[in-house]
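Down below is the structure, laid out as structure tokens.
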Amino acid sequence: MRKLKNSELDRLSVNDFKQVTKTPLIIILDNIRSLNNIGSVFRTSDAFLIEKIYLCGITATPPHKDIHKTALGSTETVAWEYVESTKALVEKLKTEGVKICSIEQAENATMLNDFTPNPQTTYALVFGNEVKGVAQEVVSASDLVIEIPQYGTKHSLNISVSVGVVVWDLFSKISKN
């Protein structure tokens, strides 16, 4: 086997990316502190054609050198918007028919491996602060809570890892249909 060169990867241009049909997933970042995590979320969102990222609360916005360092230009491709209140955004999106899914550990959470998305539905995935997680008022306003199964001694994953796991899982399930 031979590794492929970047020129052989047949990637979309920025213009083509903006025109292509997106995966019916929106990412909401609720008070994320790490600029590197934010940049990583942009990069994952570009890879899986995410509709939009909402940056809420204290979550920093592009342009910023530490976001750019991990985003590698994906802040120019993925649509994004800053909204101060995560809860107000969740309420607005619900009125537009978007299903709100907090990614959190909570009572009656649905395990990610048991969740089957409807490909005709747009889902907003809420990822929370590195220490406190998704704010309780946002969890309470969500349509459902999805939990990433974990089997070791730790109780959480880094937010950028969580986004990668959840987005890949839902993207692969949606793409099958």
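Points worth noting:
Condition check ((1) open to solvent by less than 40 Å² (accessible area, probe 1.4 Å); (2) out of contact with any Phe, Trp or Tyr (no Cβ under 8 Å at 6 or more places or on another chain); (3) assigned to a strand (DSSP E or B)) across all residues:
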position	(1), (2), (3)
Glu137	no, yes, no
Ser140	no, yes, no
Val145	yes, yes, yes
Lys154	no, yes, no
Leu157	no, yes, no
Val165	no, yes, no
Phe171	no, no, no
Ile174	yes, yes, no
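- Listed by position, the helices (runs of 4 or more DSSP H) contained in the stretch 1-72 that have at least 3 residues being closer than 21 Å to Val161 by Cβ are 35-47, 65-71.
- Residue match in the stretch 86-100 (condition: part of a loop (DSSP other than H, G, I, E, B), surrounded by 17 or more Cβ atoms within 10 Å (Cβ to Cβ) and touching a residue at least 12 places away in the same chain (Cβ under 8 Å)): yes
- Taking the stretch 34-53 as the range and being in contact (Cβ under 8 Å) with a residue 60 or more places away in the chain, under 19 Å from Leu89 (Cα atoms) and open to solvent by 10 Å² or more (accessible area, probe 1.4 Å) as the test, only Glu51 passes.
- Pick from the stretch 19-33, criterion open to solvent by 40 Å² or more (accessible area, probe 1.4 Å) and in contact (Cβ under 8 Å) with a residue 60 or more places away in the chain, ranking: farthest from Lys132 (Cα to Cα): Arg33
- Any hit, the stretch 42-54, residues being at pLDDT 95 or above, closer than 23 Å to Val134 by Cα, touching a Gly at 6+ places or on another chain (Cβ under 8 Å) and among the hydroxyl-bearing types (Ser, Thr, Tyr): yes
- Where a residue in the stretch 117-146 is closer than 15 Å to Glu84 by Cα and its partner, wherever it lies, is open to solvent by 10 Å² or more (accessible area, probe 1.4 Å) and basic (Lys, Arg), with Cβ under 7 Å and at least six apart: Asn129/Arg33; Glu137/Lys87; Val138/Lys87
- The one condition in (1) touching a helix residue (DSSP H, G or I) at 6+ places or on another chain (Cβ under 6 Å); (2) open to solvent by 90 Å² or more (accessible area, probe 1.4 Å); (3) at pLDDT below 95 that Val131 fails to fulfil: (1)
- Meets criteria (surrounded by fewer than 18 Cβ atoms within 10 Å (Cβ to Cβ) and at pLDDT 95 or above) for Glu81: yes
- Members of the stretch 111-121 found to be surrounded by 14 or more Cβ atoms within 10 Å (Cβ to Cβ) and touching an Asp or Glu at 6+ places or on another chain (Cβ under 7 Å), listed by number: Leu112
The values are calculated or read from the model by the stated rules, or taken from the named source; none is laboratory data. Everything numeric in this text was worked out from a predicted model, so none of it was measured. Positions of Cβ are backbone-derived with ideal geometry, glycine not excepted, and every protein chain shown enters the neighbour counts. The area values use the complete protein model at the heavy-atom level, side chains included, leaving out ligands, DNA and RNA. Shrake-Rupley method; radii C 1.70, N 1.55, O 1.52, S 1.80 Å.
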